[in-house]
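The structure appears right after this line, and notes come after that.
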Amino acid sequence: MRDVFEKFLPNYEREHVFCDNASTDGTLEILRDIAKTDPCVKVIVNARNFGPMRSNYNGVMAATGDAVLLFLPADLQDPPSLLPQFVKLWEQGFEVVFGIRAQRNEPWLMRTMRFAYYRILTGLTHLTTPPGVGDFQLVDRKVVEAMRQIEDAYPFLRMMTFECGYTSVGVPYVWQARKRGFSKNSLTRLVDQGLNGIITYTNSPVRAVLLAGFAIATLAILYALVNLILGIFLYQKLAEPGIFSIIVAVFFFGGVQLFVTGLLGEYILAIYAQVRKKPVVFERERINFDNSADRTHSSGAFRKESGPLGPT
């Protein structure tokens, strides 16, 4: 990122905020050494692992500039070389410049699952979100301030920018394969994050359950009428009267009740997390931050020294 700024963005002041999610592999010591020699580097150290979404959102809210690149994972699957192109589009007046993962260099099964999930999410939500959009987005200060007004205990960053609105444009790119190490974002956490996106940004599941319940009730009435006709007019006796009806009703409606209860539970858990009003993360320390200002004010990732948008 430093080389990109020096070569392609010399008129901009760089601010690079690292969010250390309670790492145990020596990352923090490396970041301390970098921060000692580079005042543009800032580090937020979480007290424990709060997951990528909460940690990332907390870092964005701590940024102090005219624009912010929401997420740049250290595995470099999202290429830093795209930032100058993002900035040019931002200078043209686009307030949200988002990357589109047009091609994913990852195993077929995971790629297919991601594709199916985002197709479902974008199809259910009322927001207009192109498929393949992640957190690799450059957003204007006004967008960050709008995001700050959304009090969400479990922020889903990639959809939050589209919820705020503003003018946007997409840039397709190739999502590179991870070259080193293994992601600690397990399948369980991925499912949790995926459910969070669906529960937060669409009420379609509840509507679908209501329609399904109506349809099931209608079919149950039709089934009862058919059995009544067979028993009264055709005298067909496949079992003792009522046996089939009881068996079908118990298992069928028992499954429906469990499904609806589980779905309502997801929404209740989301409401519970929201009303608790706890911080997104608990920080252990901050490095290279101005304690008098950076904890209460934020805007973006870098400042423009001069140019069409005016001085800082």
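The values are calculated or read from the model by the stated rules, or taken from the named source; none is laboratory data. Everything numeric in this text was worked out from a predicted model, so none of it was measured. We place every Cβ from the backbone using ideal geometry, glycine too, and count neighbours over all the protein chains shown. These accessible areas exclude ligands, DNA and RNA; they are computed on the full protein's heavy atoms, side chains included. Shrake-Rupley method; radii C 1.70, N 1.55, O 1.52, S 1.80 Å.
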### Task
Quick one: Debye curve from the alpha-carbon atoms of the stretch 145-210 only, equal weights, vacuum; give me log10 I(q)/I(0) at q = 0.16, 0.21, 0.22, 0.27 Å⁻¹ to two decimals.
-0.85, -1.11, -1.12, -1.16
### Query
Once the dipole of the stretch 58-122 is set up with Lys and Arg at +1 and Asp and Glu at -1 on Cβ about the Cα centre, which of A74, I100, I120 lies farthest towards its positive end?
I120
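What FRET efficiency comes out for L127 versus K36 if R0 is 35 angstrom and r is the Cβ-Cβ distance? Round to the nearest 0.05. The partial results should precede the final answer.
Working: r = 43 Å, r/R0 = 1.22.
Using R0 = 35 Å, I get an efficiency of 0.25.
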### Task
Would you list, by chain and number, the aspartates and glutamates whose Cα falls below 18 Å from the Cα of K179, excluding same-chain residues fewer than 8 positions away?
D25, D75, D78, E106
### Message
So for the stretch 13-110, averaging the separation of alpha carbon pairs under 8 Å that are six or more residues apart and normalising by length, what relative contact order in percent results?
### Response
23
### Message
Pairs of alpha-carbon atoms within less than 8 angstrom and 6+ residues apart define the contacts here; what relative contact order does the stretch 71-185 have, in percent?
### Response
46
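With viscosity set to 1.306 mPa s at 10 °C, what whole-number translational diffusion coefficient in µm²/s follows for the stretch 75-176 from Stokes-Einstein and a Kirkwood radius over Cα pairs? Walk me through the numbers before you get to the answer.
Details: Rh = 14.5 Å.
D, rounded to a whole number, is 110 µm²/s.
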### Nitroxide proxy distance, nm - points 7 Å out along Cα→Cβ at T112 and F252
3.3
### Query
What FRET efficiency do you get for Q193 and E145 if R0 is 25 Å and r is their Cβ-Cβ distance, rounded to the nearest 0.05?
0.50
### At q = 0.22, 0.25 Å⁻¹, base-10 log of I(q)/I(0) for the stretch 21-86 (Debye sum, equal scatterers on each alpha carbon)
-1.26, -1.44
### Message
Could you check the spin-label model distance between A212 and I120? Points 7 Å from the Cα along Cα→Cβ, value in nm.
### Response
1.1
### Task
Just order 216-228, 195-207 by mean Cβ neighbour count inside 10 Å, highest at the front, would you?
195-207, 216-228
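How much length is gained on full extension from Q103 to V275, taking 0.36 nm per residue of separation minus their Cα-Cα distance? Working shown, then result.
Details: separation 172, 0.36 × 172 = 61.92 nm, distance 3.91 nm.
Fully extending the segment from Q103 to V275 adds 58.0 nm.
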### Query
Considering only the other residues whose Cβ falls under 15 Å of the Cβ of E266, what net charge follows from Lys and Arg at +1 and Asp and Glu at -1?
0
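At R0 = 25 Å, how high is the FRET efficiency between L225 and E266 if r is their beta carbon distance? Nearest 0.05 is fine. Mind showing how you got there, number by number?
Working: r = 35 Å, r/R0 = 1.41.
In this case the efficiency is close to 0.10.
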#### Entry: E266, E151, ranked by accessible area, largest first (probe 1.4 Å)
E151, E266
